[in-house]
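Accompanying notes for the structure given below.
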There are 2 protein chains.
Amino acid sequence: MFDTCVLKFSQYSSQSRYSSPSFCHSVDGTKMTENGVATRAKVLTIDTMNPTVKKVEYAVRGPIVQRAVELEKELSEGIKKPFAEVIKANIGDAHAMGQQPITFFRQVLALCSYPELLNDSTFPEDAKSRARHILQSCGGNSMGAYSASQGIDSVRQDVARYIERRDGGVSCDPDNIYLTTGASDGIVTMLKLLVCGQGSNRTGVMISIPQYPLYSAALAELGAVQINYYLNEEKCWSLDISELQRALDEARQHCNPRALCIINPGNPTGQVQSRQCIEDVIRFAAKERLFLMADEVYQDNVYADGCQFHSFKKVLFEMGPEYSNTVELASFHSTSKCYMGECGFRGGYMEIINMDNEVKAQLTKLVSVRLCPPVPGQALMDLVVNPPQPGEPSYANFIKERTATLSALAEKAKLTEQVLNTVPGIRCNPVQGAMYSFPSLTIPEKAVREARDKGQQPDMFYCMKMLEETGICLVPGSGFGQRDGTYHFRMTILPPTDKLKILLTK
Amino acid sequence: MFDTCVLKFSQYSSQSRYSSPSFCHSVDGTKMTENGVATRAKVLTIDTMNPTVKKVEYAVRGPIVQRAVELEKELSEGIKKPFAEVIKANIGDAHAMGQQPITFFRQVLALCSYPELLNDSTFPEDAKSRARHILQSCGGNSMGAYSASQGIDSVRQDVARYIERRDGGVSCDPDNIYLTTGASDGIVTMLKLLVCGQGSNRTGVMISIPQYPLYSAALAELGAVQINYYLNEEKCWSLDISELQRALDEARQHCNPRALCIINPGNPTGQVQSRQCIEDVIRFAAKERLFLMADEVYQDNVYADGCQFHSFKKVLFEMGPEYSNTVELASFHSTSKCYMGECGFRGGYMEIINMDNEVKAQLTKLVSVRLCPPVPGQALMDLVVNPPQPGEPSYANFIKERTATLSALAEKAKLTEQVLNTVPGIRCNPVQGAMYSFPSLTIPEKAVREARDKGQQPDMFYCMKMLEETGICLVPGSGFGQRDGTYHFRMTILPPTDKLKILLTK
């Protein structure tokens, strides 16, 4: 997917000759160019690099985005385009789309960065006490010290208390919390533990289609087998157990399915799973002996009436000891989404339930090699799970800011669905949650042929055309997976309402 | 190495029965416990997890450190010990040992975290202008936005200019700079690209012994072949080309050596490589067609008279186009060491030289899957490569703080060597650079036998005894690798001088 990425360095100009087979290599790979300079064949080439890395694809930052960056540059250089600005609706990057950070969070981060500010009377007392709490848990009272590899103790305790509140009192052991570098880090680490076996005994992992491409990328890199189960677009991207069963039964013919990944609320599809469905999935995982991975980074992003976020952990424990004592579950959360949208800090955590003790020791060892997740991200995670409380000076403003952001997102979710459904050839499910719409697209037969002639996926062709003509940067559905013969794109609901309206009318 | 890590959860108590082979599993792994509760065998066990992960070892945070944490807890609970505090000399964690951050860096980070402070007149103007420069390069002017996966453009430009200054004008293309999550991230990513082949064609990577165990851990996880070349302890841990040749020739019998890793200044051994030696290594890499990886995170940590840091990049380019146009090199740097010691921010960069264009596109794709390195770490990296300049208001204080830290480290390097060499049974090379001493240890035959009887490495046994008796936390040489029959430990020179004196006299 990245073959469009053309890199230009003067130093390479003479080296383009290397690949010519007419040169005769000596033992050390040396050869002579026409002007008599000795050169060498490269050690690392596309043919001799890690083949699993080559299989990795990640559409969210693929060629469309690279072209968008070029277009922005061209605009800034004064080159005329049919649009005045590029609107990046390709990635769930709230701050880049103008969302403001939560004041309290940033005050505490500033205090932790430069503790001299603890003497500044303009900072509220609750921000100061939170900063002191975090700094006291840091080596040398500095965010510049490494933390424990599993994460700062007191932050993990705060995460555990947050989960207990969220899940109506179901207990949470801080020892089961691992702080991570964004949720991606946790997900890749868990998958890494699970992969083993060769040939028909190779680990298979079930992922939804459409999916968030971190999963397919990580599985490709780990050489695991990707098992696709399809969400039901007709039923608002819901998950059918019969489809899980079909996918699993087929996969058992050629691999060893060991894990089932769920994204709830859904990315890219925006659905929110019902409590019943979660129970069914857990029962399925128990029956079929699958390790459950619940990507719950959008847990605060629920907009549709009648929809509610239910954590897998809570449902699991409500199902009684037959399940809660046995089903292995990892749940992931992050500072990047919800109302905070702090992607750049790369904060996150995972909770592991019913993990074998020896495996857990291996997990702790594995994460220690990277020393620790970024401490500012850990501090931010602490604030997310332990925000201002009623009675504290920053509480009112915190609630105001959080509510404003979530209300705006809810409004934009509705607006997106409504407007998209007025466009001929586009059909959009309700955006119940998360930050994306994933409408289906009717592409005229002629355009499909034109795309195929150019060796492109029709929806990639469509999105590229959309970008060139309107400046709107979307991600083609093929980057997430879709049923054969259907076409989609993913669009975030994050642009400011006025821009979103322009974008939707385009 | 982590078998001493005993985890305690009540929820596991009943599950310990699972592993008993006397239980009869049904198809879905269900079985009945004595009290008739249906339970299931775990999906993920030590026998069914990723076998390459099991092979990973990382001594710097191994059982000794876990025991140190326990001892600290016991002390805090009032349990009597033969010492008043645990001194962690196991890891290069400067702030945890009391080193103060550079004021200017933290001021800018606070300003970037909470831009309201740009209106605060107590912050110096150069800090504000640096913060504005960074924020202007962030999406939505917020550190909460994702950056480009390769890192913020303007930071990469600043890194390139820093490298040009450092290397006396050798040109540096910002397109060759990748910002990373600490240097570890860059090193693992580069190794990942290099690994391919099976059996006797499997990629081999040459690493020094003693080494920093990130290398062995990453190679184990990637299933690559670790090729050991031994540093010459008698010659102050210098690197002999004849030893490189020996190790390479032997390795060629059973694998495909493709890369050579150098740590300069050395970790754990503290040597600083001469310019001549670097030239010899480059010539060797060219002759033998090896990809060079230069871990240069201690580039400012040079203390010994007559020693100087020479970057591989600079030496390579001084050797003329025969080398500078062909030898593939990746060099790594970080915010964690030198005079700043900002480990917790996980900032870093790598520069790649002469990398094949197609491979580079693959690298850019690969890093995009993790979205971006933490933005506060990128901001900090920017400050490190672009600190206050003469004439700016923060310059004098910056120089004062940097000089104080580096002078203190130089003093402690000397002190460590001198005092250790007065201890019978310990022999310590000069600490020319980096942050560690790696003295050899004569362990009495009786103690060696006692250790072996307990199934422990003798140096692990020694370090554990040292910890229990004195509270000093060291890392045994076996965690870094050493010649058979020799014993060492690694001790950081970071504790404050007064503590270091206590530590050394113990």
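Any read-out appearing in this document is the output of simple, stated calculations on the displayed coordinates, not a laboratory observation. These numbers were taken from a predicted model, which means no experiment stands behind them. Every residue, glycine as well, gets a Cβ built from its backbone with ideal geometry; the counts of neighbours run over all protein chains shown.
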Query raised in the report: Averaged across the residues of B:136-143, what count of C-beta atoms belonging to other chains lies within 10 Å of each residue's C-beta?
Result: 6
Requested in this report: Would you mind getting me the FRET efficiency between B:T45 and A:S171? Use the beta-carbon distance for r and R0 = 22 Å, nearest 0.05.
Outcome: 0.35
Requested in this report: Could you pull out every one of the lysines with an alpha carbon less than 20 Å from that of A:K446, ignoring same-chain neighbours closer than 8 positions?
Outcome: A:K454, A:K465
**Report entry** C-alpha long axis of helix B:395-420 to longest principal axis of chain B, angle in °
**Finding:** 40
Query raised in the report: So what's the angle, to the nearest 10 degrees on a 0 to 90 scale, between helix B:458-470 and the longest Cα principal axis of chain B?
Result: 80
Query raised in the report: Among all the aspartates and glutamates, which ones have a C-alpha under 16 Å from B:K414's C-alpha, if same-chain residues fewer than 8 places away are not counted?
Result: B:D305, B:D498
Report task. Rounded to the nearest 10 degrees, what's the angle between the helix B:241-251 long axis and the longest principal axis of chain B, both from Cα atoms, 0 to 90? Result -> 50
Report task. Determine the shielding of peptide B:51-58 by partner chains: average, over its residues, the number of Cβ atoms on other chains within 10 angstrom of each Cβ. Result -> 5
**Report entry** Inter-label distance for A:T486 and A:Q253, nm, one decimal - labels placed 7 Å from Cα along Cα-to-Cβ
**Finding:** 2.2
**Report entry** Extension gain (nm, one decimal) between B:T497 and B:N232, 0.36 nm per residue minus Cα-Cα
**Finding:** 92.5 nm
Report summary line: Per its Cα gyration tensor (rounded if a/c is under 1.5, else prolate when a/b beats b/c, else oblate), chain A is best filed as rounded
Report task. Quickly rank B:287-294, A:284-291, B:369-376 as a protection proxy: mean count of other C-beta atoms within 10 Å, highest first. Result -> B:369-376, B:287-294, A:284-291
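Tell me, what is the FRET efficiency for B:Q245 and A:E77 to the nearest 0.05, using R0 = 45 angstrom and their Cβ-Cβ distance as r?
Step by step, r from the Cβ atoms, then E = 0.30.
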Report task. Using θ = phi - 60° and the Karplus relation 6.51 cos²θ - 1.76 cosθ + 1.60, list the HN-Hα couplings for region A:203-208 in order, rounded to whole Hz, with x at every Gly or Pro. Result -> 4, x, 10, 7, 10, 5
Query raised in the report: So for the pair A:N201, A:S129, with labels modelled 7 Å out along Cα→Cβ, what separation do we get in nm?
Result: 5.8
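If you average 1/r over every pair of different alpha-carbon atoms in region A:149-385 and take one over that average, what Kirkwood value in Å do you get?
Details: mean 1/r = 0.0559 Å⁻¹.
About 17.9 Å, per the Kirkwood formula over Cα pairs.
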**Report entry** Cα radius of gyration and Dmax for region B:241-285 (Å)
**Finding:** 11.8, 32
Query raised in the report: Could you give the distance between the Cα centres of region A:390-460 and region B:406-446, to the whole Å?
Result: 62
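Per residue of A:189-202, how many C-beta atoms from partner chains lie within 10 Å of its own C-beta, taken as a mean?
Counting Cβ atoms of other protein chains within 10 Å of each residue's Cβ and averaging gives 3.
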Query - Long-range HN-HN contacts of A:Y487 with modeled amide H, under 5 Å - result: A:L441
**Report entry** Distance between modelled label sites at B:A447 and B:Q136, nm, 7 Å Cα→Cβ extension
**Finding:** 6.1
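Tell me, what are the semi-axes, in whole angstrom and largest first, of the equivalent ellipsoid of region B:207-336 as set by the roots of 5 times the Cα gyration tensor eigenvalues? The partial results should precede the final answer.
Details: eigenvalues 90, 66, 44 Å².
Equivalent-ellipsoid dimensions as semi-axes: 21, 18, 15 Å.
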Report task. Find every distance from the label point of A:K235 to the corresponding label point in the other copies (7 Å from Cα along Cα→Cβ) and write them in nm, one decimal, shortest first. Result -> 7.3
Query raised in the report: Put the label 7 Å from Cα along Cα→Cβ for A:V423; what are its distances to the other copies, in nanometres, shortest first?
Result: 7.0
Report summary line: At the level of C-alpha centres, the distance separating region A:127-143 and region B:190-214, in angstrom, is 40
Requested in this report: Compute the label-point distances linking A:K400 to its equivalents in the other copies; points lie 7 Å from Cα along Cα→Cβ; give nm, one decimal, shortest first.
Outcome: 4.1
Requested in this report: Would you list, by chain and number, the aspartates and glutamates whose Cα falls below 20 Å from the Cα of B:K55, excluding same-chain residues fewer than 8 positions away?
Outcome: A:E221, A:D356, A:E358, B:D3, B:D47, B:D185, B:E221
Requested in this report: Return the inverse of the average 1/r over all pairs of distinct C-alpha atoms in the protein assembly as shown, which is the Kirkwood hydrodynamic radius, in Å to one decimal.
Outcome: 29.7
Query raised in the report: Between B:D153 and B:L118, what FRET efficiency follows from the Cβ-Cβ distance if R0 is 25 Å, with the result rounded to 0.05?
Result: 0.70
